[in-house]
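What follows is a set of notes on a single structure, which appears directly below.
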Ligand SMILES: Cc1cc2nc3c(=O)[nH]c(=O)nc-3n(C[C@H](O)[C@H](O)[C@H](O)COP(=O)(O)O)c2cc1C
């Protein structure tokens, strides 16, 4: 009964806490022969890292990736790949006051109810620090998918608070700003909004979209292994995720059948409201997934909470926090997309080739 692993043929298990000595993962089932270096994985991990701009948490981790096993002479060997990253910039003192308190919006209360013990430092296991290892594992999956099938996975910030950010898509500029915003014309507005938010001490939510291109038709399985169900589960497992849409998603509610169904012609589909998946199986169209992230819960604005004895207490969160967690979520949703698709390529190969 372990829920620290996911995937079927390509199985990822992560371990570690926010303020423990290190975080890590074991990647089992990766085919042999993929060329990979610790530096390549680190480059991907650094895209998600905090401390790169004033708009994210100022925790600055070195993110030095150590490959402990499964890679020999820069090529995967087919044996379990163990990756480790030491935590080098944890400030556990910031969390002394919440030792006996449950911060609203956090996992403090539920972990306590479930386990009767919790590592309160930086949220312990419930911290998004864990997602670093998803991105590390995702670096291998992205490279493998690219090399074998030319599959490209690209994520972007679609909305931050009230600001819609993807009405103009300049794909090549997404990595050029600290928001993963595809519209360079919106970056100044985002900066102003985030500066005023930081001053006010409040936080905001965000929507992050991701597309996988060149995915062959036939991935996924009927009923319990539907590709859309697996992707939704993967995205919902990310910290602070509150909603997932595939293709037209909740907009489908207001659509007519004549509009939603994606008509087919010898030249291809005429639209993609399905988000590239029909009956749980990829159709060969782009796979489109959108994830909603809630506003950061840790705020310096006081709020009411409980301590472990059930007393009402005023809670003010210290420490270094992301005023909008969605800003750093783009590389994480990309990684989850890559890991799920690679897993399904391997599953498909096992059953059908
Ligand atoms: C990239 C990323 C960074 C995050 N950083 C923070 C943070 O600085 N402060 C905070 O309160 N929550 C942060 N979160 C969200 C919490 O980890 C999460 O809300 C909390 O563990 C409760 O889990 P839940 O929201 O999934 O229910 C972050 C989430 C992500 C994806």
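Consider residue 242 carefully, then state whether it is within 30 Å of residue 58 (Cβ to Cβ), at pLDDT 95 or above, within 16 Å of the ligand (Cβ to nearest atom) and surrounded by fewer than 16 Cβ atoms within 10 Å (Cβ to Cβ). So residue 242 passes the test.
One residue alone among 310, 319 is part of a loop (DSSP other than H, G, I, E, B), more than 16 Å from the ligand (Cβ to nearest atom) and closer than 28 Å to residue 101 by Cβ, and that residue is 310. For first residues located in segment 262-286 and surrounded by fewer than 16 Cβ atoms within 10 Å (Cβ to Cβ), partners that are modelled with pLDDT under 95 and lie 6+ apart or on another chain with Cβ distances below 9 Å form the pairs 279/222. Contact map, segment 121-140: first residue modelled with pLDDT under 95, second residue in a helix (DSSP H, G or I), Cβ cut-off under 6 Å, separation 6 or more or different chains; pairs are 121/92; 121/95. For segment 206-234, the set of residues classified as in a helix (DSSP H, G or I), touching a helix residue (DSSP H, G or I) at 6+ places or on another chain (Cβ under 6 Å) and within 16 Å of the ligand (Cβ to nearest atom) consists of 234 only. Can you confirm whether residue 194 is assigned to a helix (DSSP H, G or I), at pLDDT 95 or above, more than 19 Å from the chain's Cα centre (by Cα) and within 15 Å of the ligand (Cβ to nearest atom)? Criteria met by residue 194.
Checked against the criterion of being in contact with a strand residue (DSSP E or B) (Cβ under 9 Å, 6 or more places away or on another chain) and either within 11 Å of the ligand (Cβ to nearest atom) or closer than 28 Å to residue 48 by Cβ (or both), segment 251-270 has no qualifying residue. When 284, 305 are checked against the criterion of being over 20 Å from residue 159 (Cβ atoms), touching a strand residue (DSSP E or B) at 6+ places or on another chain (Cβ under 9 Å) and within 16 Å of the ligand (Cβ to nearest atom), 305 stands alone in meeting it.
When 199, 148 are checked against the criterion of being without any contact (Cβ under 8 Å) to a residue 12 or more places away in the chain, surrounded by fewer than 22 Cβ atoms within 10 Å (Cβ to Cβ), more than 21 Å from the chain's Cα centre (by Cα) and not in a loop (DSSP other than H, G, I, E, B), a single residue qualifies: 199. If you go through segment 322-353 and pick out every residue that is more than 13 Å from the ligand (Cβ to nearest atom) and more than 30 Å from residue 149 (Cβ to Cβ), you end up with 0. Checked against the criterion of being farther than 17 Å from residue 50 by Cα, assigned to a helix (DSSP H, G or I) and within 22 Å of the chain's Cα centre (by Cα), the candidates 158, 141 yield just one match: 141. Taking first residues from segment 74-94 that are free of Cβ contacts under 8 Å to residues at least 12 places away in the same chain and partners that are surrounded by 14 or more Cβ atoms within 10 Å (Cβ to Cβ), the Cβ contacts under 6 Å between residues at least 6 apart in sequence or on separate chains come to 79/70. Here residue 151 fulfils each of the conditions (1) within 29 Å of residue 78 (Cβ to Cβ); (2) within 16 Å of the ligand (Cβ to nearest atom) apart from (2). Criterion applied to 131, 173, 110 was being crowded, with 22+ Cβ neighbours inside 10 Å and at negative phi, and the one residue passing it is 131. Scanning segment 253-304 for residues that are more than 19 Å from residue 333 (Cβ to Cβ), part of a strand (DSSP E or B) and in contact with a helix residue (DSSP H, G or I) (Cβ under 9 Å, 6 or more places away or on another chain) yields a single hit, 281. From the list 298, 237, the one residue that fits, being within 28 Å of residue 202 (Cβ to Cβ), out of contact with any strand residue (DSSP E or B) (no Cβ under 6 Å at 6 or more places or on another chain) and crowded, with 16+ Cβ neighbours inside 10 Å, is 298. The set of residues from segment 48-76 being modelled with pLDDT of 95 or more, farther than 20 Å from residue 20 by Cβ and buried (at least 16 other Cβ atoms within 10 Å of the Cβ) comprises 70, 71, 76. Only one of (1) in contact with a strand residue (DSSP E or B) (Cβ under 6 Å, 6 or more places away or on another chain); (2) more than 16 Å from the ligand (Cβ to nearest atom); (3) over 30 Å from residue 200 (Cα atoms); (4) in contact (Cβ under 8 Å) with a residue 40 or more places away in the chain fails for residue 289. Which number is that? Every condition holds for residue 289 apart from (2). One residue stands out among those in segment 87-111 that are in contact with a helix residue (DSSP H, G or I) (Cβ under 7 Å, 6 or more places away or on another chain) and assigned to a loop (DSSP other than H, G, I, E, B): the one that is farthest from the ligand (Cβ to nearest atom), which is 90.
The values are calculated or read from the model by the stated rules, or taken from the named source; none is laboratory data. Keep in mind it's a predicted model, so treat the numbers as computed, not measured. We place every Cβ from the backbone using ideal geometry, glycine too, and count neighbours over all the protein chains shown.
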